[in-house]
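**Student:** Following this message is one structure expressed as structure tokens.
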């Protein structure tokens, strides 16, 4: 496993812990926020963190809140990790969730067509 991969994995775990235990924003509590992956730049100064929530309708608002709190999150993580630079985080919607939504729509359409066929 390459160094960047180990750093990405460790940052992912630390982001989840920091959001859960250190971020006391009432707008984000009880929303079941999960960081699914972190991708850092080669120089480890920037990172994209992909966000998921249990309720997909809240996802865009949660991403906005996390981006507003990114400086706090970065400072809270600084003492927990041994890196020369703590990356600046950009929180983004997990693209895998969009695929899941499309799969659900296709399944719903297939079920609807099957039900129509059974009615005929």
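Read-outs throughout are calculated quantities, based only on the coordinates presented, and are distinct from any laboratory measurement. These numbers were taken from a predicted model, which means no experiment stands behind them. Using ideal geometry, Cβ is built from the backbone for each residue, glycine included, and neighbour counts are taken over all protein chains shown.
**Student:** Apply 1/(1 + (r/R0)^6) to the Cβ-Cβ distance of residue 32 and residue 80, taking R0 = 22 Å, and write down the FRET efficiency to the nearest 0.05.
**Tutor:** Computed FRET efficiency for residue 32 and residue 80 comes out at 0.50.
**Student:** I want to verify a result. In a Gaussian network model of the chain, Cα cutoff 10 Å, which of these has the top mean-square fluctuation: 87, 26, 95?
**Tutor:** Greatest mean-square fluctuation among the candidates belongs to 26.
**Student:** Given 0.36 nm per residue, what is the gain on full extension from residue 113 to residue 5 after removing their alpha carbon distance, in nm?
**Tutor:** Full-extension gain reported as 34.5 nm.
**Student:** Give the calculated FRET efficiency between residue 43 and residue 64 to the nearest 0.05, with a Förster radius of 25 Å applied to their Cβ-Cβ distance.
**Tutor:** Computed FRET efficiency for residue 43 and residue 64 comes out at 0.40.
**Student:** By DSSP, what percent of the beta bridges with both residues in the range 3-94 are antiparallel, rounded to the nearest 5?
**Tutor:** In the range 3-94, approximately 55 percent of DSSP beta bridges are antiparallel ones.
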